[in-house]
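Enquirer: Sharing a structure below in structure tokens format, with a few things to ask.
The values are calculated or read from the model by the stated rules, or taken from the named source; none is laboratory data. The model shown is predicted, which means the values in this text are computed figures rather than measured ones. Glycine gets a Cβ as well: all are built from the backbone with ideal geometry, and neighbour counts include every protein chain shown.
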Amino acid sequence: MTATENKRLIQDIMDARARRDPNPFIAAMADDFVWRITGSTAWSGEYVGKAAVLERLMKPLYRQFTAPNRLTTSRIIAEGEYVVAECRGDTTTIAGEPYANTYCFVMRLADGKLRELTEYMDTALVERVLRAPDGQ
């Protein structure tokens, strides 16, 4: 796919995320998808494989929210197989805490599928508002 096609795919995914719909994002993940979260929080690290991302990252994260995180994108930049999206999240935890993180996602796509995602965010907010994932 071209950079323009990759950018369009990410724009479609982010448009769905603005409606609190994570399904197009999940559908775009390759089976060997890798999600890296920067920093030194309990959530930081590398989640390898779509199944691990869903089970070890998304499931325990979404259990903490009253609704899926709404992501509002301010900028999407594409070059080759890489697409970068700047966005802001908006949701509330089940404990009643607002969780409005800012993100920069650097994504690599191949053959119309998400292969890698590196997430940069406000780690202090994560530490303050979120509980550690299950088992940590």
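Enquirer: Hey, can you tell me all the residues within segment 92-104 that are outside any strand (DSSP E or B), over 13 Å from the mean Cα position of the chain (by Cα) and closer than 19 Å to ASP21 by Cα?
Expert: ILE94, ALA100
Enquirer: Tell me yes or no: at least one residue of segment 33-45 is under 26 Å from ARG8 (Cβ atoms) and of a type in the set (D, E, K, R).
Expert: Checked against the condition, which is being under 26 Å from ARG8 (Cβ atoms) and of a type in the set (D, E, K, R), segment 33-45 yields at least one hit.
Enquirer: Within segment 39-85, can you find the residues that are of a type in the set (Asp, Glu) and in contact with a Lys or Arg (Cβ under 6 Å, 6 or more places away or on another chain)?
Expert: Just the residues of segment 39-85 that are of a type in the set (Asp, Glu), to begin with: 46, 55, 79, 81.
Those that are of a type in the set (Asp, Glu) and in contact with a Lys or Arg (Cβ under 6 Å, 6 or more places away or on another chain): GLU46, GLU81.
Enquirer: Let me ask something else. Name every residue in segment 1-26 that is under 13 Å from the mean Cα position of the chain (by Cα) and of a type outside the set (S, T, N, Q), in order of residue number.
Expert: If we filter segment 1-26 for residues that are under 13 Å from the mean Cα position of the chain (by Cα), which is where we start, we get 10, 13-14, 16-18, 20-26.
Hits for segment 1-26 are ILE10, ILE13, MET14, ALA16, ARG17, ALA18, ARG20, ASP21, PRO22, PRO24, PHE25, ILE26.
Enquirer: Looking at THR102, THR123, which one is polar (S, T, N, Q) and exposed (fewer than 15 other Cβ atoms within 10 Å of the Cβ)?
Expert: On inspection, the qualifying residue turns out to be THR102.
Enquirer: Listed residues ARG19, ARG75; which is under 24 Å from THR4 (Cβ atoms), touching an Asp or Glu at 6+ places or on another chain (Cβ under 8 Å) and modelled with pLDDT of 95 or more?
Expert: The conditions single out ARG75.
Enquirer: Here is a follow-up. Please verify whether LEU54 is at pLDDT 95 or above, of a type outside the set (Phe, Trp, Tyr), in contact with a strand residue (DSSP E or B) (Cβ under 9 Å, 6 or more places away or on another chain) and under 15 Å from THR91 (Cα atoms), treating the condition exactly as stated.
Expert: Judged against the criteria, LEU54 is not a match.
Enquirer: ALA124: more than 26 Å from ARG8 (Cβ to Cβ), out of contact with any His (no Cβ under 6 Å at 6 or more places or on another chain) and either among the polar types (S, T, N, Q) or not in a strand (DSSP E or B) (or both), yes or no?
Expert: Here the answer is yes, as ALA124 does meet what is asked.
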